[in-house]
1. Output the number of residues of the range 18-47 satisfying the condition of being within 23 Å of residue 133 (Cα to Cα) and of a type outside the set (A, V, I, L, M).
2. Working only within the range 576-592, note down all residues that are closer than 28 Å to residue 497 by Cβ, modelled with pLDDT under 55 and of a type in the set (Val, Ile, Thr).
3. Using the structure shown, decide if residue 641 is within 27 Å of residue 503 (Cα to Cα), within 23 Å of the chain's Cα centre (by Cα) and crowded, with 17+ Cβ neighbours inside 10 Å.
4. Just checking, which of 67, 52, 59, 83 is surrounded by 18 or more Cβ atoms within 10 Å (Cβ to Cβ) and hydroxyl-bearing (Ser, Thr, Tyr)?
5. Count, please, the residues in the range 165-184 that happen to be surrounded by 22 or more Cβ atoms within 10 Å (Cβ to Cβ) and within 18 Å of the chain's Cα centre (by Cα).
6. Need the failing condition index for residue 71 against (1) at pLDDT 95 or above; (2) more than 13 Å from residue 314 (Cα to Cα), just the number.
7. Considering only the range 80-98, state which residues are more than 9 Å from the ligand (Cβ to nearest atom) and under 30 Å from residue 152 (Cβ atoms).
8. What single numbered condition from (1) modelled with pLDDT under 95; (2) within 15 Å of the ligand (Cβ to nearest atom); (3) within 24 Å of residue 70 (Cβ to Cβ) fails to hold for residue 148?
Amino acid sequence: MQLEQARHRAEALRQLINKHNFQYYVLDDPSITDNEYDILMRELIDIETDFSDLITPDSPTQRVGVSPVSELKEVKHLAPMLSLGNAFNEDEMRAFNKRIKEKLSVNSLVFSGETKFDGLAVNILYENGLLVTAATRGDGSIGEDVTHNVRTISQVPLSLFGENIPHLIEVRGEVVMTHKGFTALNDRQRDKGEKVFANPRNAAAGSLRQLDSRVTAQRPLAFFAYGIGEYKGKTNLTSHTSILRQLKEWGLPVSSDTKRLNGIDACLSYYAEIGAVRSELAHDIDGVVFKVNEISQQRELGFVSRAPRWAIAYKFPPLEEITQLLDIEIQVGRTGALTPVARLSPVNVAGVTVTNATLHNIDEIKRKDIKIGDWVYVRRAGDVIPEIVAVIKEKRANVSDFNMPNVCPVCGSDVVRQEGEAVYRCIGGLSCSAQNIQAIIHFASRKAMNIDGLGDKLIIQLTESGLISTVADLYSLSKEQLVTLERMGEKSAENLMAALEKSKKTTLERFIYAMGIREVGEATARTLAMRYKSLELIEQATTGELETISDVGPVVAFNIYSFFQQKHNLEIIQRLLLAGIYWENNEDEINLIFSGMSFVLTGSLQVMTRDEAKQKLISLGAKVTGSVSKKTNYVVYGENAGSKYEKAIELGITTLNEESFIKMLEKEK
Ligand code: IVH
C-alpha cells in the first residue's frame with residue numbers, strides 16, 4: 001500500500017472504530033458484531049505497523065497500554081476541583097433549598113438530579129478535541145497524572161467528535177468499576193494468587209493509580225462525566241442539563257439516571273426513586289447529587305470554602321460495614337444441600353441489624369479465604385441475604401479453619417459431594433428431618449399450595465409432635481388434634497383447617513412446583529403444566545422427551561424423571577389427590593396471557609420498579625429481555641429511556657409508557 005492510500009484508510013478506520021466505540025460503550029447499542037469490530041481493529045493495527053508515522057495519539061490502537069512510568073507526575077488543574085456539601089436527611093435538604101432560594105430571592109428552583117458515583121474523580125483535559133491529560137483530584141488544585149491509564153478506558157473518547165468542539169475543556173467525572181467487573185477481577189486476582197480488593201471503589205482506585213497502564217488496560221473500569229471545569233468554546237452552555245447533553249453529543253458517557261427536577265419535592269422523590277433501584281445498578285453509588293440547573297444562578301451563589309453553594313450530595317446509608325465472623329454453621333435445605341452460614345457479631349448495615357450472612361458453599365469460603373474469627377466486610381444489597389465481601393487480612397489473629405462435616409449435623413446421615421458439584425448433600429432424604437421440614441415449608445408456601453397461616457414454626461411444631469411426617473399428612477389433620485398443640489387456640493385451629501380446605505383447589509403448575517423437585521422452580525413448573533396439561537403425562541415423560549422442552553436441560557430432565565420414579569413420591573401424590581386436591585385443566589392458560597411474547601423494559605418506572613414489572617410479566621408468561629430486536633413485541637419505557645426506546649421506534653415496535661402498560665395489565669386480568 002502507498003503511504004497516501006494508507007493514510008486515508010487509517011483515518012477512515014479510526015473514525016469508524018471510534019464511532020463504534022461510542023455506540024458500544026456510551027450508547028450501549030452496538031451496530032456491528034465483536035468479530036466485525038476486531039477485523040477493523042486488526043486492519044488498522046496492520047497499517048500502523050507498516051507505517052508507524054501514521055500513528056496518531058487518538059488512534060484506538062493507542063489505548064492498550066504503554067510502558068510503565070516510574071512515578072505519577074503532578075498535574076495542576078486549570079479550574080479547581082471542588083468537593084460537595086452533604087445532607088443526611090430531609091430536613092437538611094429542605095434547609096439547603098431554603099438557603100439558596102433566599103440568597104437568589106426566588107420562589108422555586110430547578111435542579112439537576114444525578115447519582116453520586118462511588119469511585120474516583122478525574123479531570124480530563126481536551127484541547128481542540130484531543131485528550132491531552134487526565135488527572136486524579138488530588139487536593140483539588142493539584143492531582144496525579146493518570147493520562148496513560150485513563151486512555152485505556154474504552155468509554156473515554158481519545159478525541160471528541162461532533163459540532164462546536166471547544167478549544168479547551170476540562171471534563172469532570174468519575175471512574176468506577178461495575179460489580180460484575182469487580183467480581184470477575186477478584187476471581188482472576190485470586191486465581192493468580194494476587195491481592196483481592198475489598199470493594200469496587202478500592203479496585204478502581206488501585207487500577208487508576210497503576211504505573212503500568214498495561215495492567216490498567218486489563219481492569220474493567222468505567223467512566224461517567226458529570227460536569228466541566230475550565231472551558232473555552234463557542235457554544236453557550238447555560239444550564240447543567242445542557243452541559244451534560246452537550247458532553248454526550250461530543251461522545252462522552254453520561255449517566256442515563258440524570259433528571260431535571262422542578263423544586264425540592266421532586267428532588268426528594270428522586271432520592272427515594274434512586275434509593276429503590278440502588279442495588280440493581282451496575283455500579284456502586286453512595287447518594288444522589290442535586291445541582292442548581294441554571295449556570296447564571298450557580299454563578300450568583302458561588303462557593304463556601306471548597307464546596308459550591310449550588311450543589312449538595314444527599315447521602316445514602318452505607319451498604320457495607322465491618323464486623324467479626326464468630327462462627328460458621330451448617331443449614332440443611334430441602335434438597336439436602338448443606339449451606340454454610342456465617343454467624344456475625346451483630347452490625348447495623350443501612351438501618352438493618354445483620355447477624356448472619358450466606359457463604360454459599362465451601363468453594364466460596366476457600367475462594368474468599370474466610371476463617372472463623374476473621375474481621376470481614378459485610379454487604380447488604382436490596383433484599384438479598386447479606387454477603388461477606390472480603391476478609392480484612394491485616395486484622396487476622398486467632399482464627400481457625402472451617403471444614404465441611406462428613407455427616408449431616410441434623411440426621412447423622414453421610415454427606416456426599418458429587419463430581420463437579422460445588423455443594424455437599426446429606427443423603428438422608430425425607431428421613432432427614434431438616435429436609436423433610438423444609439419440604440413441607442416449601443409445599444405450604446405462598447407460590448406453592450398457599451396454605452395461609454401454616455408457617456415455619458407451626459410446621460416444626462407439627463412434625464416434632466409427631467402429628468405429621470409428610471405433606472400428605474397435612475390433609476388428615478383434625479381440629480381436635482390441632483388444639484392439643486401449644487399456643488394453638490380453637491380459633492387458630494379452625495382457621496388452619498379452613499386454609500387447608502381452601503388450598504385443595506389449586507392449579508397443576510402450583511402442584512408441580514409444590515412437589516419441590518430439585519431445580520424445578522415456578523417457571524419450569526409452569527412450562528411443564530402448559531406442555532403436558534396433565535399430571536399423569538408428566539409422570540410418564542422420559543428424560544429425552546423432557547429435554548425437548550425449552551429451558552429444560554439434561555440435569556433438570558433427569559431430576560423430574562427420577563422424582564416420578566420413586567414409589568414414595570407417587571404414594572404421596574396419590575394420597576394428596578385422594579384427600580381432595582384438584583385443579584381445573586385450563587386455568588393455567590387463562591393466566592398466561594403474554595405467553596410467547598417478548599418484552600423489553602427501559603428507563604426508570606415510577607409506579608412499580610423495573611424488577612416488579614419484570615416479575616409480573618414473567619408470571620403472565622412473557623419473556624423479558626435486555627435488548628430490542630425484531631423479535632421484541634413491546635418496549636415499556638419509563639423516564640430517561642434512551643437508546644433502547646429509540647431502537648424500538650426505529651424498528652417499528654409498539655412502545656408503551658408506564659401508564660398504558662399498567663392499563664394493559666389491568667385489562668388483561
Ligand atoms: S459534582 C462542583 N457530581 O463526589 C461539584 N460529584 O464529594 C463537584 N461525585 O469529588 C462534584 N458523583 O468525586 C459531582 N454526579 C456527581 C458526582 C460527584 C460522584 C464525587 C466526586 C467529588 C465528590 C464530592
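The values are calculated or read from the model by the stated rules, or taken from the named source; none is laboratory data. Please read these numbers as outputs of a predicted model, since none were measured by experiment. As a convention, Cβ positions derive from the backbone with ideal geometry for all residues, glycine included, and neighbour counts pool all protein chains shown.
1. Result for the range 18-47: 5.
2. None; the set is empty.
3. No, not satisfied.
4. So the residue among 67, 52, 59, 83 that is surrounded by 18 or more Cβ atoms within 10 Å (Cβ to Cβ) and hydroxyl-bearing (Ser, Thr, Tyr) is 59.
5. 3
6. (1)
7. Scanning the range 80-98 gives a single hit, 80.
8. (2)
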